[in-house]
Amino acid sequence: MAHGWEDICGKSGPLVGPEIFKSYVAPGYRKIREKLEVYGVGILSIDSDGDVAPLVGPWMECGVNGQFPIEIGTWNADPMEFRKKYGKELRIIGGFNKLVLEKGPAETDAEIEKRLPLMKEGGFVLMPDHLITPGTSLANYKYYLERIRTLRF
């Protein structure tokens, strides 16, 4: 797996439209993908904040097949919808609303339960989207970690 950082999106969407992306950005990703294939690297993931939805398709077309994060708390993204649209070819990292961690165990359990189908399917690594917020207590964070560690499929 190779991972890159491309903050080309913000809360209101991409800084460039899909057509500009395809013309000017995608060729660089294709070169990266080609080089990775030489070394047998099958997953190229990207980290971009904000509403990435308009660019996920163009990213996939040029060889990017992993997305981090899927920011639920910031712009209500839904990793289940991404999976329905792109299938298992799109690997997803994130998909856990980091704001839930501030609330406590019951809310944490509910958030984990929502994502169990994706975890069971594979190609999905559940983790909080970006940083843990300052309002999250150490006890709540430890609870989340222990709960994740107990999951078995």
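Among [x] 1.23; [y] 1.17; [z] 1.09, find the value of Cα Rg over 2.2 N^0.38 Å that was calculated from the structure presented, and write down its label.
[z]
Using a 1.4 angstrom probe on heavy atoms only, work out the carbon and sulfur share of the accessible area of the chain in %. Walk me through the intermediate numbers first.
Working: 4650 of 8120 Å².
With neighbouring chains kept in place, the figure for the chain is 57 percent.
With every protein chain left in place, what is the accessible area per residue of the chain in square angstrom, probe 1.4 Å?
Working: 8120 Å² over 153 residues.
For the chain, the per-residue accessible area is 53 Å².
With a cap of 13 neighbouring Cβ atoms within 10 Å, and only residues DSSP puts in a loop, list the trypsin sites (Lys or Arg not before Pro) found in segment 15-72. Could you put the intermediate results ahead of the total?
On the way: sites: LYS22, ARG30, LYS31, ARG33, LYS35; in loops: none.
Nothing satisfies the criteria.
With a 10 Å cut-off between alpha carbons and a GNM built on the chain, which of GLY17, GLY66, GLY123 moves the most?
Taking springs between Cα atoms under 10 Å, the residue moving most is GLY17.
Exceeding 23 Å between C-alpha atoms, which entries from my cross-link table qualify? They are LYS11/LYS88; LYS35/LYS98; LYS84/LYS114; LYS35/LYS85; LYS103/LYS142.
Working: LYS11/LYS88 25 Å; LYS35/LYS98 34 Å; LYS84/LYS114 15 Å; LYS35/LYS85 27 Å; LYS103/LYS142 13 Å.
From LYS11/LYS88; LYS35/LYS98; LYS84/LYS114; LYS35/LYS85; LYS103/LYS142, over 23 Å: LYS11/LYS88; LYS35/LYS98; LYS35/LYS85.
Sequence gap at least 6, Cα distance under 8 Å: using those rules, report the relative contact order of the chain to the nearest whole percent.
The normalised contact order for the chain reaches 20 percent.
Just subtract the alpha-carbon distance of LYS142 and VAL38 from 0.36 nm times their residue separation and send over the number in nm, one decimal. Walk me through the numbers before you get to the answer.
Working: separation 104, 0.36 × 104 = 37.44 nm, distance 4.07 nm.
Length gained, LYS142 through VAL38: 33.4 nm.
Only sites in a loop by DSSP and with at most 12 other Cβ atoms within 10 Å count here; which trypsin sites (Lys or Arg not before Pro) in segment 101-153 make the cut? Present the calculation step by step, with values, prior to reporting the outcome.
Numbers: sites: LYS103, LYS114, ARG115, LYS120, LYS142, ARG147, ARG149, ARG152; in loops: LYS103, ARG152.
Of the trypsin sites (Lys or Arg not before Pro), the ones in loops of segment 101-153 whose Cβ has at most 12 other Cβ atoms within 10 Å are ARG152.
Please report the net charge: other residues with Cβ closer than 11 Å to the Cβ of MET60, K and R +1, D and E -1. It would help to have the intermediate numbers written out before the result.
Values: positive: ARG33, LYS85, ARG91; negative: GLU61, GLU89.
Net charge in that neighbourhood comes out at +1.
Which residue, ALA53, GLN67, TYR86, has the largest displacement toward the positive end of the dipole of segment 41-91 when charges sit on each Cβ (Lys, Arg +1; Asp, Glu -1)?
Looking along the dipole axis, the top candidate is TYR86.
For segment 10-116, run through the chymotrypsin sites (Phe, Trp or Tyr not before Pro) and keep only the ones in DSSP coil with at most 14 other Cβ atoms within 10 Å of their Cβ. Mind dumping the intermediate values first?
Values: sites: PHE21, TYR24, TYR29, TYR39, TRP59, TRP75, PHE82, TYR86, PHE96; in loops: TYR39.
Hits after loop and neighbour filter: TYR39.
Need the list of aspartates and glutamates near LYS31 for cross-linking: C-alpha distance under 16 angstrom, and skip anything on the same chain fewer than eight residues off.
GLU6, GLU61
The values are calculated or read from the model by the stated rules, or taken from the named source; none is laboratory data. Source: prediction; values computed, not measured. Cβ atoms come from the backbone with ideal geometry, glycine included; neighbour counts cover every protein chain shown. Surface accessibility is based on the protein's heavy atoms, side chains included, excluding ligands, DNA and RNA. Shrake-Rupley method; radii C 1.70, N 1.55, O 1.52, S 1.80 Å.
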